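> Pasting a structure here, questions to come.
The values are calculated or read from the model by the stated rules, or taken from the named source; none is laboratory data. Note that the coordinates shown come from a computational prediction; the quantities given were computed from them, not determined experimentally. Cβ coordinates were reconstructed from backbone atoms using ideal geometry, including for glycine residues, and neighbour counts include every protein chain displayed.
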Amino acid sequence: MAIRNNQIIGGITWSIKEGVNSGMVEIFQMSILKEFRGQGYGSILVNNCLKDIEDFYQSRNCPLQRVYIIITESNIIGRNLYRNKGFYVAANLRHHRLNNKMDLLYAKDYLSEK
């Protein structure tokens with residue numbers, strides 16, 4: 001959560017996929033109140049989220065393999081944010097939405113970092 005002056009201004013959640021031993025984690029539902037966007041809170045949320053995920057896996061002595069998020073192609077700010085955090089486009093999801101907008105699966109791999 002991002003809090004400013006005792007007000008929640010944003011949040012981010014993550015979920016383990018296919019069990020903890022798979023090492024796969026999805027980030028989803030990141031949001032920041034409109035009046036606080038563009039002030040660095042998204043970057044702080046992502047940094048804290050990644051640290052939380054890394055600490056969780058380390059505390060359980062399980063290998064973290066990949067963290068990923070699905071981002072709408074038109075969300076340039078979100079795409080740049082995750083790219084700057086070491087994520088890359090791992091897949092195009094052309095027919096993922098009913099409105100024919102393309103989504104992109106951004107991933108950050110960990111096994112190659114060790």
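> Which one of these does ARG79 not meet: (1) exposed (fewer than 14 other Cβ atoms within 10 Å of the Cβ); (2) at pLDDT 90 or above?
All conditions pass for ARG79, except number (1).
> So which residues in region 55-77 are in contact (Cβ under 8 Å) with a residue 24 or more places away in the chain, more than 30 Å from ASN100 (Cα to Cα) and not aromatic (Phe, Trp, Tyr)?
Listed by number, the residues that qualify are ARG60, CYS62, PRO63, LEU64, GLN65.
> Let me ask another. So which of VAL46, VAL25 is in contact (Cβ under 8 Å) with a residue 24 or more places away in the chain, part of a helix (DSSP H, G or I) and either touching a His at 6+ places or on another chain (Cβ under 9 Å) or under 22 Å from LEU105 (Cβ atoms) (or both)? Spell out how you get there, then give the answer.
Details: VAL25 fails: part of a helix (DSSP H, G or I).
Just a single option satisfies the conditions, and that option is VAL46.
> Something else: Which of the residues spanning region 1-43 are surrounded by 14 or more Cβ atoms within 10 Å (Cβ to Cβ), at pLDDT below 95 and within 12 Å of the chain's Cα centre (by Cα)?
Hits for region 1-43 are MET30, SER31, GLY42.
> What pairs come out if I take residues in region 89-110 that are over 14 Å from ILE69 (Cβ atoms) and crowded, with 17+ Cβ neighbours inside 10 Å and pair them with residues that are at pLDDT 90 or above and of a type in the set (Gly, Ala, Ser) whose C-beta lies under 8 Å away, six or more apart or interchain?
Matching pairs, first to second residue: TYR110/GLY23.
> Which residue is nearest to PHE56 (Cα to Cα), if the candidates are limited to region 2-22 and must be without any contact (Cβ under 8 Å) to a residue 24 or more places away in the chain and of a type in the set (A, V, I, L, M)?
Taking the candidates together, the pick is ILE16.
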